[in-house]
Amino acid sequence: MRTISGFAETGPGTLPRVNDFKPGLEGVVAFETEIAEPDRDGNSLRYRGVDIEELVGHYPYENVWGLVVDESFEPGMPEPESFRPATLSGNAPSDLQAAFAQLSSEWKLRKLVDIQPQEARDDLARLSGMTMSVVAQSARVADGKTEPVPDDFIAQGTTAAEKFLLRWRGEADPRHVTAIDTYWICTAEHGLNASTFTARIVASTGADCGAAMSAAVGALSGPLHGGAPARVIPMLDAAEEMGDPERYVRDLLDRGERLMGFGHRIYRGEDPRARLLKPAALELGSPRYEVADALEQAALAELHRRKPDRPLPTNVEFWSAVVLDVAEIPPELAPAMFGCARVAGWSAHILEERTTGRLIRPSARYVGPSSRPAGSVL
Ligand code: COA
(Lines give C-alpha, C1' and ligand atoms only; values in the text may rest on other atoms or scores of the structure.)
Protein backbone atom coordinates (compact mmCIF):
# COMPACT_ATOMS: atom_id res chain seq x y z
CA MET A 1 0.00 0.00 0.00
CA ARG A 2 1.27 3.46 -0.91
CA THR A 3 1.08 6.13 1.80
CA ILE A 4 1.24 9.84 1.11
CA SER A 5 1.76 12.05 4.15
CA GLY A 6 -0.70 10.52 6.55
CA PHE A 7 -3.25 9.41 3.95
CA ALA A 8 -3.42 5.68 3.68
CA GLU A 9 -5.17 4.13 0.73
CA THR A 10 -7.22 1.50 2.46
CA GLY A 11 -8.28 -0.36 -0.63
CA PRO A 12 -10.77 -0.06 -3.47
CA GLY A 13 -14.10 1.47 -2.55
CA THR A 14 -13.07 2.61 0.92
CA LEU A 15 -12.42 6.15 2.05
CA PRO A 16 -8.85 7.23 2.83
CA ARG A 17 -8.01 7.67 6.50
CA VAL A 18 -8.03 11.38 7.41
CA ASN A 19 -4.64 12.71 8.45
CA ASP A 20 -3.83 14.86 11.48
CA PHE A 21 -4.90 18.48 11.23
CA LYS A 22 -1.97 20.73 10.23
CA PRO A 23 -2.71 24.47 10.49
CA GLY A 24 -1.83 26.12 7.17
CA LEU A 25 -1.34 22.59 5.75
CA GLU A 26 2.35 22.96 6.59
CA GLY A 27 4.25 19.83 5.66
CA VAL A 28 1.23 18.23 3.99
CA VAL A 29 2.06 16.76 0.58
CA ALA A 30 -0.95 17.46 -1.62
CA PHE A 31 0.55 16.70 -5.06
CA GLU A 32 3.52 15.20 -6.77
CA THR A 33 5.02 17.64 -9.26
CA GLU A 34 7.68 17.59 -11.96
CA ILE A 35 7.86 21.36 -12.36
CA ALA A 36 10.04 22.98 -9.71
CA GLU A 37 12.16 21.76 -6.90
CA PRO A 38 12.65 24.17 -4.03
CA ASP A 39 15.55 22.37 -2.39
CA ARG A 40 15.21 23.04 1.31
CA ASP A 41 18.45 21.42 2.36
CA GLY A 42 20.57 22.58 -0.57
CA ASN A 43 19.01 26.07 -0.43
CA SER A 44 18.56 26.07 -4.17
CA LEU A 45 15.70 26.26 -6.64
CA ARG A 46 15.49 24.34 -9.90
CA TYR A 47 12.95 24.65 -12.70
CA ARG A 48 12.58 21.28 -14.46
CA GLY A 49 15.94 20.36 -12.92
CA VAL A 50 17.77 23.53 -14.04
CA ASP A 51 19.15 25.76 -11.28
CA ILE A 52 17.85 29.33 -11.51
CA GLU A 53 21.47 30.51 -11.18
CA GLU A 54 21.99 29.15 -14.70
CA LEU A 55 19.00 31.05 -16.05
CA VAL A 56 19.31 34.64 -14.83
CA GLY A 57 21.24 36.69 -17.37
CA HIS A 58 21.39 33.80 -19.85
CA TYR A 59 17.80 33.37 -20.98
CA PRO A 60 15.10 36.06 -21.04
CA TYR A 61 11.96 35.46 -18.99
CA GLU A 62 9.86 34.39 -21.98
CA ASN A 63 12.20 31.44 -22.62
CA VAL A 64 12.24 30.54 -18.93
CA TRP A 65 8.43 30.46 -19.22
CA GLY A 66 8.98 27.84 -21.96
CA LEU A 67 11.27 25.81 -19.69
CA VAL A 68 8.74 25.86 -16.85
CA VAL A 69 5.66 25.13 -18.96
CA ASP A 70 6.92 23.11 -21.96
CA GLU A 71 10.23 21.85 -20.57
CA SER A 72 11.82 23.55 -23.57
CA PHE A 73 13.14 27.11 -23.96
CA GLU A 74 11.55 27.33 -27.40
CA PRO A 75 9.06 28.57 -28.52
CA GLY A 76 8.56 30.17 -25.10
CA MET A 77 5.84 32.59 -24.09
CA PRO A 78 4.14 34.23 -27.08
CA GLU A 79 3.79 37.95 -27.76
CA PRO A 80 0.62 39.52 -26.36
CA GLU A 81 -2.25 40.02 -28.77
CA SER A 82 -3.68 43.46 -29.39
CA PHE A 83 -6.17 44.00 -26.55
CA ARG A 84 -7.57 46.85 -24.48
CA PRO A 85 -9.18 45.53 -21.25
CA ALA A 86 -12.75 46.62 -20.55
CA THR A 87 -11.68 47.57 -17.01
CA LEU A 88 -8.55 49.66 -16.53
CA SER A 89 -8.79 51.22 -13.10
CA GLY A 90 -5.06 51.56 -12.51
CA ASN A 91 -5.27 48.95 -9.74
CA ALA A 92 -3.21 46.33 -11.55
CA PRO A 93 -4.12 43.13 -9.66
CA SER A 94 -7.84 43.78 -9.98
CA ASP A 95 -7.46 44.86 -13.63
CA LEU A 96 -5.57 41.63 -14.30
CA GLN A 97 -8.15 39.51 -12.53
CA ALA A 98 -10.92 41.13 -14.54
CA ALA A 99 -8.96 40.86 -17.80
CA PHE A 100 -8.47 37.11 -17.39
CA ALA A 101 -12.21 36.70 -16.87
CA GLN A 102 -12.93 38.94 -19.88
CA LEU A 103 -10.50 37.03 -22.11
CA SER A 104 -12.08 33.74 -21.07
CA SER A 105 -15.37 34.80 -22.52
CA GLU A 106 -14.04 36.87 -25.46
CA TRP A 107 -11.80 34.04 -26.64
CA LYS A 108 -14.51 31.50 -25.79
CA LEU A 109 -12.02 29.40 -23.86
CA ARG A 110 -13.29 25.88 -23.43
CA LYS A 111 -13.38 24.01 -20.15
CA LEU A 112 -10.25 22.08 -19.25
CA VAL A 113 -12.36 19.00 -18.81
CA ASP A 114 -13.42 19.19 -22.49
CA ILE A 115 -10.09 19.86 -24.18
CA GLN A 116 -6.84 18.14 -25.07
CA PRO A 117 -3.50 19.11 -23.45
CA GLN A 118 -2.31 21.07 -26.51
CA GLU A 119 -5.38 23.33 -26.50
CA ALA A 120 -4.98 23.92 -22.74
CA ARG A 121 -1.30 24.74 -23.21
CA ASP A 122 -2.09 27.19 -26.02
CA ASP A 123 -4.82 28.89 -23.97
CA LEU A 124 -2.37 29.33 -21.09
CA ALA A 125 0.34 30.63 -23.43
CA ARG A 126 -2.02 33.27 -24.86
CA LEU A 127 -3.19 34.30 -21.39
CA SER A 128 0.38 34.47 -20.08
CA GLY A 129 1.47 36.70 -22.94
CA MET A 130 -1.46 39.03 -22.23
CA THR A 131 -0.52 39.39 -18.55
CA MET A 132 2.40 41.74 -19.14
CA SER A 133 0.31 43.78 -21.55
CA VAL A 134 -2.59 44.19 -19.12
CA VAL A 135 -0.35 45.09 -16.18
CA ALA A 136 1.59 47.61 -18.32
CA GLN A 137 -1.64 49.22 -19.54
CA SER A 138 -2.99 49.37 -15.99
CA ALA A 139 0.25 50.93 -14.71
CA ARG A 140 0.04 53.52 -17.49
CA VAL A 141 -3.47 54.45 -16.42
CA ALA A 142 -2.25 54.70 -12.81
CA ASP A 143 0.35 57.19 -14.08
CA GLY A 144 -2.51 59.30 -15.46
CA LYS A 145 -1.78 58.51 -19.12
CA THR A 146 -4.91 57.60 -21.03
CA GLU A 147 -3.44 57.17 -24.54
CA PRO A 148 -1.99 53.68 -25.13
CA VAL A 149 1.50 53.37 -26.64
CA PRO A 150 1.18 52.24 -30.30
CA ASP A 151 1.81 48.52 -30.90
CA ASP A 152 4.38 49.15 -33.68
CA PHE A 153 6.48 51.20 -31.25
CA ILE A 154 6.34 48.45 -28.61
CA ALA A 155 7.37 45.90 -31.26
CA GLN A 156 10.81 47.56 -31.37
CA GLY A 157 11.60 45.98 -27.99
CA THR A 158 13.42 42.66 -28.02
CA THR A 159 12.38 40.97 -24.76
CA ALA A 160 9.13 40.66 -22.82
CA ALA A 161 10.58 42.88 -20.06
CA GLU A 162 11.59 45.57 -22.55
CA LYS A 163 8.21 45.49 -24.29
CA PHE A 164 6.48 45.65 -20.91
CA LEU A 165 8.31 48.90 -20.11
CA LEU A 166 7.71 50.35 -23.59
CA ARG A 167 3.98 49.64 -23.27
CA TRP A 168 3.88 51.20 -19.83
CA ARG A 169 6.21 54.19 -20.09
CA GLY A 170 6.97 54.56 -23.78
CA GLU A 171 10.66 54.02 -22.96
CA ALA A 172 12.83 51.25 -21.54
CA ASP A 173 16.03 51.97 -19.61
CA PRO A 174 18.32 48.89 -20.03
CA ARG A 175 18.97 48.75 -16.24
CA HIS A 176 15.24 48.66 -15.63
CA VAL A 177 14.85 45.88 -18.20
CA THR A 178 17.54 43.78 -16.50
CA ALA A 179 16.02 44.37 -13.06
CA ILE A 180 12.55 43.23 -14.19
CA ASP A 181 13.84 40.25 -16.18
CA THR A 182 15.93 39.09 -13.18
CA TYR A 183 12.98 39.45 -10.83
CA TRP A 184 10.56 37.65 -13.18
CA ILE A 185 12.95 34.71 -13.63
CA CYS A 186 13.61 34.35 -9.89
CA THR A 187 9.88 34.30 -9.12
CA ALA A 188 8.55 32.37 -12.14
CA GLU A 189 7.67 29.27 -10.13
CA HIS A 190 7.96 27.96 -6.60
CA GLY A 191 5.95 24.82 -6.03
CA LEU A 192 2.75 24.83 -4.08
CA ASN A 193 2.33 28.33 -2.72
CA ALA A 194 -1.08 29.91 -2.06
CA SER A 195 -1.76 31.28 -5.57
CA THR A 196 -0.57 28.12 -7.32
CA PHE A 197 -2.66 25.97 -5.02
CA THR A 198 -5.63 28.19 -5.89
CA ALA A 199 -4.96 27.79 -9.61
CA ARG A 200 -4.80 24.01 -9.20
CA ILE A 201 -8.00 23.89 -7.16
CA VAL A 202 -9.90 25.79 -9.84
CA ALA A 203 -8.30 23.69 -12.61
CA SER A 204 -9.31 20.53 -10.74
CA THR A 205 -12.97 21.49 -11.17
CA GLY A 206 -12.46 21.36 -14.95
CA ALA A 207 -12.94 25.15 -15.32
CA ASP A 208 -11.34 27.05 -18.20
CA CYS A 209 -7.77 28.38 -18.00
CA GLY A 210 -8.84 32.03 -17.67
CA ALA A 211 -10.90 31.20 -14.58
CA ALA A 212 -7.97 29.38 -12.97
CA MET A 213 -5.56 32.26 -13.71
CA SER A 214 -8.02 34.88 -12.50
CA ALA A 215 -8.49 33.06 -9.19
CA ALA A 216 -4.72 32.77 -8.75
CA VAL A 217 -4.33 36.55 -9.07
CA GLY A 218 -6.79 37.03 -6.20
CA ALA A 219 -4.70 34.80 -3.95
CA LEU A 220 -1.49 36.75 -4.36
CA SER A 221 -2.75 40.18 -3.37
CA GLY A 222 -2.30 39.58 0.37
CA PRO A 223 0.96 40.74 1.93
CA LEU A 224 1.92 37.27 3.17
CA HIS A 225 2.33 35.95 -0.38
CA GLY A 226 3.53 38.08 -3.26
CA GLY A 227 2.57 41.38 -1.72
CA ALA A 228 5.43 41.74 0.75
CA PRO A 229 7.67 43.88 -1.53
CA ALA A 230 5.00 46.57 -1.38
CA ARG A 231 5.63 46.75 2.38
CA VAL A 232 9.41 46.41 2.29
CA ILE A 233 10.13 49.81 0.73
CA PRO A 234 8.15 51.78 3.36
CA MET A 235 10.05 49.73 5.97
CA LEU A 236 13.40 50.72 4.41
CA ASP A 237 12.31 54.36 4.30
CA ALA A 238 11.28 54.31 7.94
CA ALA A 239 14.52 52.60 9.02
CA GLU A 240 16.58 55.13 7.05
CA GLU A 241 14.68 58.04 8.54
CA MET A 242 15.28 56.74 12.05
CA GLY A 243 18.97 56.26 11.23
CA ASP A 244 19.21 53.25 13.57
CA PRO A 245 18.24 49.93 11.91
CA GLU A 246 18.72 47.92 15.13
CA ARG A 247 16.30 50.13 17.06
CA TYR A 248 13.86 50.17 14.14
CA VAL A 249 13.78 46.35 14.11
CA ARG A 250 13.42 46.09 17.88
CA ASP A 251 10.57 48.63 17.98
CA LEU A 252 8.71 46.91 15.15
CA LEU A 253 8.97 43.48 16.77
CA ASP A 254 8.07 44.92 20.19
CA ARG A 255 4.83 46.20 18.60
CA GLY A 256 4.11 42.59 17.59
CA GLU A 257 4.53 43.32 13.86
CA ARG A 258 6.27 41.13 11.30
CA LEU A 259 9.37 42.10 9.40
CA MET A 260 8.31 41.90 5.77
CA GLY A 261 10.72 39.86 3.68
CA PHE A 262 11.82 37.47 6.44
CA GLY A 263 10.80 33.90 7.16
CA HIS A 264 9.80 31.14 4.78
CA ARG A 265 7.76 27.97 4.93
CA ILE A 266 10.35 25.97 3.00
CA TYR A 267 13.79 27.49 3.36
CA ARG A 268 15.27 27.45 6.80
CA GLY A 269 18.82 28.27 5.75
CA GLU A 270 18.85 30.66 2.82
CA ASP A 271 16.31 31.55 0.15
CA PRO A 272 18.25 31.02 -3.12
CA ARG A 273 16.27 33.76 -4.82
CA ALA A 274 17.33 36.29 -2.20
CA ARG A 275 20.91 35.07 -2.75
CA LEU A 276 20.61 35.91 -6.46
CA LEU A 277 18.67 39.15 -6.10
CA LYS A 278 20.93 40.75 -3.51
CA PRO A 279 24.06 40.95 -5.73
CA ALA A 280 21.80 41.93 -8.65
CA ALA A 281 20.64 44.93 -6.61
CA LEU A 282 24.26 45.88 -5.99
CA GLU A 283 25.32 45.42 -9.62
CA LEU A 284 22.36 47.45 -10.83
CA GLY A 285 23.48 50.30 -8.58
CA SER A 286 20.45 50.33 -6.28
CA PRO A 287 20.39 53.54 -4.24
CA ARG A 288 18.77 51.56 -1.41
CA TYR A 289 21.35 48.78 -1.28
CA GLU A 290 23.18 50.13 1.76
CA VAL A 291 20.12 50.73 3.91
CA ALA A 292 18.66 47.35 2.87
CA ASP A 293 21.88 45.57 3.76
CA ALA A 294 22.00 47.26 7.18
CA LEU A 295 18.35 46.45 7.87
CA GLU A 296 18.86 42.83 6.79
CA GLN A 297 21.78 42.38 9.19
CA ALA A 298 19.86 43.99 12.04
CA ALA A 299 16.73 41.92 11.30
CA LEU A 300 18.53 38.58 11.06
CA ALA A 301 20.39 39.22 14.32
CA GLU A 302 17.27 40.31 16.24
CA LEU A 303 15.07 37.53 14.84
CA HIS A 304 17.72 35.00 15.80
CA ARG A 305 17.96 36.50 19.30
CA ARG A 306 14.19 36.32 19.79
CA LYS A 307 13.57 32.99 18.07
CA PRO A 308 16.79 30.97 18.30
CA ASP A 309 14.97 27.75 17.41
CA ARG A 310 13.07 29.10 14.40
CA PRO A 311 15.29 30.12 11.48
CA LEU A 312 13.73 33.17 9.81
CA PRO A 313 15.97 33.87 6.80
CA THR A 314 15.71 36.73 4.36
CA ASN A 315 13.16 35.67 1.76
CA VAL A 316 12.77 36.47 -1.93
CA GLU A 317 10.51 39.42 -1.30
CA PHE A 318 13.01 41.53 0.64
CA TRP A 319 15.56 41.79 -2.17
CA SER A 320 12.84 41.68 -4.83
CA ALA A 321 11.59 44.96 -3.44
CA VAL A 322 15.04 46.48 -3.80
CA VAL A 323 15.53 45.15 -7.35
CA LEU A 324 12.07 46.30 -8.43
CA ASP A 325 12.85 49.69 -6.94
CA VAL A 326 15.85 49.93 -9.31
CA ALA A 327 13.31 49.76 -12.16
CA GLU A 328 11.27 52.47 -10.38
CA ILE A 329 8.35 50.11 -9.86
CA PRO A 330 6.00 51.73 -7.34
CA PRO A 331 5.53 49.46 -4.28
CA GLU A 332 1.79 49.12 -4.95
CA LEU A 333 2.57 47.52 -8.32
CA ALA A 334 4.62 44.73 -6.70
CA PRO A 335 1.81 42.13 -6.45
CA ALA A 336 0.99 42.55 -10.14
CA MET A 337 4.70 42.24 -11.04
CA PHE A 338 4.71 39.00 -9.10
CA GLY A 339 1.67 37.89 -11.10
CA CYS A 340 3.51 38.63 -14.38
CA ALA A 341 6.32 36.33 -13.26
CA ARG A 342 4.18 33.59 -11.75
CA VAL A 343 2.05 32.99 -14.86
CA ALA A 344 4.76 30.49 -15.80
CA GLY A 345 4.24 28.45 -12.63
CA TRP A 346 0.47 28.77 -12.69
CA SER A 347 0.33 27.61 -16.31
CA ALA A 348 2.54 24.60 -15.67
CA HIS A 349 0.56 23.60 -12.57
CA ILE A 350 -2.79 24.00 -14.30
CA LEU A 351 -1.55 21.65 -17.03
CA GLU A 352 -0.20 19.21 -14.47
CA GLU A 353 -3.46 19.33 -12.53
CA ARG A 354 -5.42 18.64 -15.69
CA THR A 355 -3.56 15.39 -16.15
CA THR A 356 -4.59 14.06 -12.71
CA GLY A 357 -8.28 14.68 -13.38
CA ARG A 358 -8.98 14.49 -9.65
CA LEU A 359 -11.22 17.08 -7.97
CA ILE A 360 -9.43 18.70 -5.01
CA ARG A 361 -11.70 18.37 -2.04
CA PRO A 362 -9.98 18.15 1.37
CA SER A 363 -11.82 17.70 4.64
CA ALA A 364 -12.54 20.01 7.55
CA ARG A 365 -12.91 18.74 11.08
CA TYR A 366 -16.08 20.17 12.63
CA VAL A 367 -15.40 21.80 16.01
CA GLY A 368 -18.55 23.98 16.30
CA PRO A 369 -21.54 23.66 18.66
CA SER A 370 -23.05 20.22 19.05
CA SER A 371 -26.55 19.49 17.77
CA ARG A 372 -29.11 21.90 19.32
CA PRO A 373 -32.60 23.24 18.63
CA ALA A 374 -32.95 26.43 16.51
CA GLY A 375 -34.81 28.02 19.42
CA SER A 376 -31.67 27.91 21.57
CA VAL A 377 -29.90 30.35 19.20
CA LEU A 378 -30.45 33.97 20.17
N1 COA B 1 8.86 38.80 11.41
C2 COA B 1 8.71 38.55 12.72
N3 COA B 1 8.33 37.36 13.22
C4 COA B 1 8.11 36.38 12.35
C5 COA B 1 8.26 36.55 10.97
C6 COA B 1 8.65 37.82 10.50
N7 COA B 1 8.81 38.06 9.20
N8 COA B 1 7.96 35.41 10.33
C9 COA B 1 7.65 34.53 11.29
N10 COA B 1 7.72 35.12 12.50
C11 COA B 1 7.46 34.52 13.79
C12 COA B 1 5.96 34.44 14.02
O13 COA B 1 5.46 35.58 14.70
C14 COA B 1 5.82 33.18 14.83
O15 COA B 1 6.10 33.49 16.17
P16 COA B 1 5.25 32.78 17.36
O17 COA B 1 5.58 31.31 17.21
O18 COA B 1 5.78 33.42 18.57
O19 COA B 1 3.81 33.08 17.07
C20 COA B 1 6.95 32.29 14.31
O21 COA B 1 7.92 33.17 13.75
C22 COA B 1 6.50 31.33 13.25
O23 COA B 1 5.70 32.05 12.33
P24 COA B 1 4.74 31.35 11.29
O25 COA B 1 3.77 32.35 10.76
O26 COA B 1 4.19 30.11 11.90
O27 COA B 1 5.80 30.95 10.19
P28 COA B 1 5.45 30.42 8.77
O29 COA B 1 6.61 29.61 8.34
O30 COA B 1 4.11 29.80 8.76
O31 COA B 1 5.32 31.76 7.93
C32 COA B 1 5.70 33.50 6.46
C33 COA B 1 6.02 32.05 6.80
C34 COA B 1 6.46 33.87 5.19
C35 COA B 1 4.19 33.68 6.22
C36 COA B 1 6.15 34.39 7.64
O37 COA B 1 7.51 34.18 7.92
C38 COA B 1 5.84 35.85 7.40
O39 COA B 1 4.75 36.31 7.70
N40 COA B 1 6.83 36.63 6.86
C41 COA B 1 6.58 38.02 6.57
C42 COA B 1 5.85 38.16 5.25
C43 COA B 1 6.72 37.80 4.07
O44 COA B 1 7.88 38.13 4.02
N45 COA B 1 6.11 37.15 3.09
C46 COA B 1 6.79 36.72 1.88
C47 COA B 1 7.00 35.25 1.88
S48 COA B 1 7.98 34.73 0.49
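The values are calculated or read from the model by the stated rules, or taken from the named source; none is laboratory data. Because the structure is a prediction, the values reported are computed rather than measured. In this analysis, Cβ positions are derived from the backbone assuming ideal geometry, glycine residues included, and neighbour counts consider all displayed protein chains. Heads up: the accessible areas ignore ligands, DNA and RNA and are worked out on the full protein's heavy atoms, side chains in. Shrake-Rupley method; radii C 1.70, N 1.55, O 1.52, S 1.80 Å.
Remarks
- Counted residues, segment 41-65 - those being among the basic types (Lys, Arg) and assigned to a strand (DSSP E or B): 1
- Just one of the listed residues (Asp181, Asp151, Asp208) is within 27 Å of Ala36 (Cβ to Cβ), touching a residue at least 40 places away in the same chain (Cβ under 8 Å) and over 17 Å from the mean Cα position of the chain (by Cα), and it is Asp208.
- When Ala139, Ala161, Ala101, Ala120 are checked against the criterion of being open to solvent by 10 Å² or more (accessible area, probe 1.4 Å) and hydrophobic (A, V, I, L, M, F, W, C), Ala101 stands alone in meeting it.
Matching residues to (1) surrounded by 23 or more Cβ atoms within 10 Å (Cβ to Cβ); (2) under 17 Å from the mean Cα position of the chain (by Cα); (3) aliphatic (A, V, I, L, M); (4) part of a helix (DSSP H, G or I):
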{"position": "Pro279", "(1), (2), (3), (4)": "no, no, no, yes"}
{"position": "Leu295", "(1), (2), (3), (4)": "yes, no, yes, yes"}
{"position": "Asp325", "(1), (2), (3), (4)": "yes, no, no, yes"}
{"position": "Ile329", "(1), (2), (3), (4)": "yes, yes, yes, no"}
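- Across segment 256-296, the qualifying residues are those that are among the small types (Gly, Ala, Ser) and closer than 19 Å to Asp181 by Cβ, and the one among them that is farthest from the ligand (Cβ to nearest atom) is Gly285.
- Hits in segment 30-40 (condition: surrounded by 13 or more Cβ atoms within 10 Å (Cβ to Cβ) and either at pLDDT below 80 or in a loop (DSSP other than H, G, I, E, B) (or both)): Ala30, Phe31, Thr33, Ile35, Arg40
- If the condition is being open to solvent by 60 Å² or more (accessible area, probe 1.4 Å) and at pLDDT below 75, then segment 13-29 contributes Gly13, Thr14, Leu15, Pro16, Arg17, Val18.
- All of Asp237, Asp251, Asp208 fail the test of being away from the ligand (no atom under 16 Å from the Cβ) and over 30 Å from Gln102 (Cβ atoms), apart from Asp237.
- Number of residues in segment 281-293 that are part of a loop (DSSP other than H, G, I, E, B) and either among the charged types (D, E, K, R) or loosely packed, with under 15 Cβ neighbours inside 10 Å (or both): the value is 3.
- When the residues of segment 191-203 are filtered to those that are within 17 Å of Ala341 (Cβ to Cβ) and buried (at least 24 other Cβ atoms within 10 Å of the Cβ), the one that is farthest from the chain's Cα centre (by Cα) is Ala199.
- Checklist (1) open to solvent by 60 Å² or more (accessible area, probe 1.4 Å); (2) in contact with a helix residue (DSSP H, G or I) (Cβ under 9 Å, 6 or more places away or on another chain) applied to Leu45, failing item: (1)
- Options Gly206, Gly226, Gly210; residue that is open to solvent by less than 40 Å² (accessible area, probe 1.4 Å), small (Gly, Ala, Ser), at positive phi and at pLDDT 95 or above: Gly206
- Annotation: Arg372 fulfils all but one of (1) part of a helix (DSSP H, G or I); (2) of a type outside the set (Asp, Glu); (3) out of contact with any Ser or Thr (no Cβ under 9 Å at 6 or more places or on another chain); the unmet one is (1).
- Residue list for segment 297-320, restricted to those being out of contact with any Phe, Trp or Tyr (no Cβ under 8 Å at 6 or more places or on another chain), more than 10 Å from the ligand (Cβ to nearest atom) and either in contact (Cβ under 8 Å) with a residue 60 or more places away in the chain or open to solvent by 10 Å² or more (accessible area, probe 1.4 Å) (or both): Gln297, Ala301, His304, Arg305, Pro308
- Under the condition of being surrounded by fewer than 18 Cβ atoms within 10 Å (Cβ to Cβ) and either touching a residue at least 60 places away in the same chain (Cβ under 8 Å) or farther than 27 Å from Pro93 by Cβ (or both), the residues counted in segment 232-255 number 13.
- Any pair with Cβ under 7 angstrom, 6 or more apart, that starts in segment 167-178 at a residue that is closer than 14 Å to Ile329 by Cβ and ends at one that is outside any helix (DSSP H, G or I) and open to solvent by 30 Å² or more (accessible area, probe 1.4 Å): His176/Glu328; Val177/Thr159
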